[in-house]
Amino acid sequence: MKYLESLEEKIESTPERKEVLKDIFGSSTSLSYSLSTSLQNHCDKIFDIWIQELNNNGLCKCKDDLFLHKVPYTAASGYKTDPLFKQPGIYLWGCDDIPRYIGKTEASFEERLFSRYISKNNGTIRKYPTQCSISEILRDYYPLQLEIFRTTFENDKKMIKERIEEEQKITIQSCERLYGALDFSLFKKESIWFAILPFEDTNKKFIDIFETLFIHSAQNYNKKNDHPELINKGKMATNQG
C-alpha cells in the first residue's frame, strides 16, 4: 500500500504510533471496539492529509503528476494511458474544494471511471449516458428544476428518472447514478474532479474496508468544514444503523 503509506508518513511519528497502541491495548473497552475506533481516527487523519494535498496541488497540469492531484473529468481521457489508471483502489469525487463521493474499484480505475462516470466518446447525449454526461444534460436542459429535483428526489425518484428518460430519449441505468448526476449538476462543469488512491493487487482484499472508513472520514471532514454531506447515503446509513 505504498500510496496509502506515503500519506501516513506525513502524519505519523514514533510517539504517535505508541499512542495509537496505547489507545488500543490500554482501553477499558473491548479490543475490537478500541481497534475499530483507533483505525477510524487514523483514517480521518489520512483523509485530512489527502484532501489537504489535493487542495494544495490543485488540478493536474501534466501526465506526470496524477497522484495527489485533482483530475478534471473533462480532461480525464488524456490520462487513460497512465499506469496508475490500470490499478485498483479508492477514488474521491469532488467539486471545487468540497468532497462529494468516495468509491472503490477492485478492477482498475480506467474500467470503473469510464463505464459509470465519464463518457468514452465525445459529446454529451448517448443512449446510456454516464453520470457526468447526465449532469451535463441536467445542467443544459433543466436549469430551473435542478434544486427541485434534488430536494424531492427521495420521494419522487422514479417519476424524475422516467420524465428525464422520456424527454431526452435516454436510459438512465440506476437511480443512484441519477442522484450523483443531480449533485454534480449543481456545480460548474469545470469544477468537477476526481482523485485516486491506488492499491497494489496484493492488497485488493482491503479496499472495501478502507472505502467504508474513508467514507466516514470524508463525511467527518465535510461536517467540520460546514460542507454539504457526502452523497454516499447508502453506506453511511448502513453503518450508522
Would a scan of region 106-126 turn up a residue that is part of a loop (DSSP other than H, G, I, E, B), surrounded by fewer than 18 Cβ atoms within 10 Å (Cβ to Cβ), hydrophobic (A, V, I, L, M, F, W, C) and without any contact (Cβ under 8 Å) to a residue 40 or more places away in the chain?
yes
Return only the number of the condition from (1) within 25 Å of Gly89 (Cα to Cα); (2) over 18 Å from the mean Cα position of the chain (by Cα) that Pro198 does not satisfy.
(2)
Taking the criterion of being touching a residue at least 40 places away in the same chain (Cβ under 8 Å), in a helix (DSSP H, G or I) and open to solvent by less than 10 Å² (accessible area, probe 1.4 Å), would at least one residue in region 185-197 satisfy it?
yes
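Quick one: in region 59-83, which of the residues that are more than 17 Å from Ser115 (Cα to Cα) and either touching a residue at least 60 places away in the same chain (Cβ under 8 Å) or touching a Cys at 6+ places or on another chain (Cβ under 6 Å) (or both) is most open to solvent (accessible area, probe 1.4 Å)? Steps first, answer last, please.
Narrowing region 59-83 to residues more than 17 Å from Ser115 (Cα to Cα): 59-70, 82-83.
Among the residues that remain, those that are also either touching a residue at least 60 places away in the same chain (Cβ under 8 Å) or touching a Cys at 6+ places or on another chain (Cβ under 6 Å) (or both) are: 59, 66-70.
Details: Leu59: 74, Leu66: 6, Phe67: 43, Leu68: 23, His69: 32, Lys70: 9 Å².
The qualifying residue most open to solvent (accessible area, probe 1.4 Å) is Leu59.
From the residues in region 203-235 that are basic (Lys, Arg) and farther than 18 Å from Leu54 by Cβ, which one is surrounded by the fewest Cβ atoms within 10 Å (Cβ to Cβ)? Talk me through it step by step, then tell me what you get.
Taking region 203-235 and keeping what is basic (Lys, Arg), we get 204-205, 223-224, 233, 235.
Applying the additional criterion that residues be farther than 18 Å from Leu54 by Cβ yields 204-205, 223, 233, 235.
Details: Lys204: 16, Lys205: 10, Lys223: 12, Lys233: 12, Lys235: 16.
Step by step, filter region 203-235, then rank; the result is Lys205.
To keep it simple, each residue is scored yes or no on (1) polar (S, T, N, Q); (2) open to solvent by less than 20 Å² (accessible area, probe 1.4 Å); (3) under 30 Å from Phe206 (Cα atoms).
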residue	(1), (2), (3)
Ile102	no, yes, yes
Pro129	no, yes, no
Glu136	no, no, no
Leu146	no, yes, no
Phe149	no, yes, no
Asn155	yes, no, no
Ile164	no, yes, no
Ile170	no, yes, no
Ala181	no, yes, yes
Quickly run through region 159-202 and pick out the residues that are among the small types (Gly, Ala, Ser) and over 20 Å from Tyr128 (Cβ atoms).
Ser191, Ala195
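The values are calculated or read from the model by the stated rules, or taken from the named source; none is laboratory data. Every value quoted in this text rests on a predicted model; they were computed, and no experiment measured them. Ideal geometry is used to build each Cβ from the backbone, glycine not excepted, and the neighbour counts take in all protein chains shown. SASA here: full protein model, heavy atoms, side chains in, ligands and nucleic acids out. Shrake-Rupley method; radii C 1.70, N 1.55, O 1.52, S 1.80 Å.
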